[in-house]
Structure formats: C-alpha cells, structure tokens
1. With all distinct Cα pairs included, what does the Kirkwood hydrodynamic radius of the chain come out to in Å, to one decimal, could you say?
2. Convert each backbone phi in region 15-22 into a coupling constant with the Karplus relation 6.51 cos²θ - 1.76 cosθ + 1.60 (shift: θ = phi - 60°), then list the ³J(HN,Hα) values in order as whole Hz, x for Gly and Pro.
3. Using only Cα atoms, what Kirkwood radius does region 36-75 have, in angstroms?
4. In the neighborhood of Ile48, defined by Cβ-to-Cβ distances under 13 Å, what is the net charge if each Lys or Arg adds +1 and each Asp or Glu adds -1?
5. Quickly estimate the mean residue ellipticity at 222 nm for the chain, helices only: each DSSP H run with n ≥ 4 gives -39500 (n - 2.57), and the total goes over all residues, rounded to 500.
6. If you plug each phi of region 81-92 into the Karplus form 6.51 cos²θ - 1.76 cosθ + 1.60 with θ = phi - 60°, what whole-Hz ³J(HN,Hα) values come out, in order, with x for Gly and Pro?
7. What residue among Asp39, Asp68, Asp56 has the largest mean-square fluctuation in a Gaussian network model of the chain, using Cα springs under 10 Å?
Amino acid sequence: MSDESAERLESRVAKLETNVEHLISQNVEIKSDLRSLRDKFDERFARIDERFSRIDTRFEDVTQRLGDLKVWVLVAVGGGLLSIMARAFHWL
C-alpha cells in the first residue's frame, strides 16, 4: 500500500469517525427530546384522566337522580291512576 493511498484511507476513516460522532450526538438529542415529549404527554394525559374521572362522578350522580326521579314519577302516576279509578268507580 502506498503512502498516498494510506493517507486517503486515513482521511476517509477520520471523516467516517466524525460522521459517526455527529450521528451519536444527534441520537442523544433525539432521545432527550422524546423523553421530554413523553413526560409532557404523561402529564397531559394524567390531567385528562382526572377530568374524565370527575365527569364519571357527575354521570353517576345524574344516573342516581334519574333513578330517584323514576320512583317519584311512578308514585305520582300510580296515585293519579288510583284517583281516577276511585272517581270512575264512585269510591270517592
């Protein structure tokens, strides 16, 4: 191998090493950015989960109130029906 080709090979290897170092530093930056994005998403999804749990609680309250309302409607309709029947059969 001649000195000229050895020098060319050495310069090419040095260039490759520089490129690899640059790629490694970019990879580290990308990993850091992804970690920060993951942390932000985790924080936001935690807040969204909290909001949904509050909404679930509200829906449970509404469902309970509707159940209570159904009972009162049945009592009122039943009482009204009994009143109509009592009038029709001349019980009152």
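1. For the chain, the Kirkwood estimate is 21.2 Å.
2. Working through the residues one at a time gives 5, 4, 4, 4, 4, 5, 4, 5 Hz.
3. For region 36-75, inverting the mean 1/r across all distinct Cα pairs yields 12.2 Å.
4. 0
5. Helix contribution divided over all residues of the chain: -36000 deg cm²/dmol.
6. 5, 4, 5, 5, 5, 5, 5, 5, 8, 6, 7, 10
7. Of Asp39, Asp68, Asp56, the most mobile in the Gaussian network model is Asp68.
Each value in this text was obtained by applying a stated rule to the coordinates, not by laboratory testing. Keep in mind it's a predicted model, so treat the numbers as computed, not measured. Neighbour counts run over all protein chains shown; Cβ positions are idealised from the backbone, glycine included.
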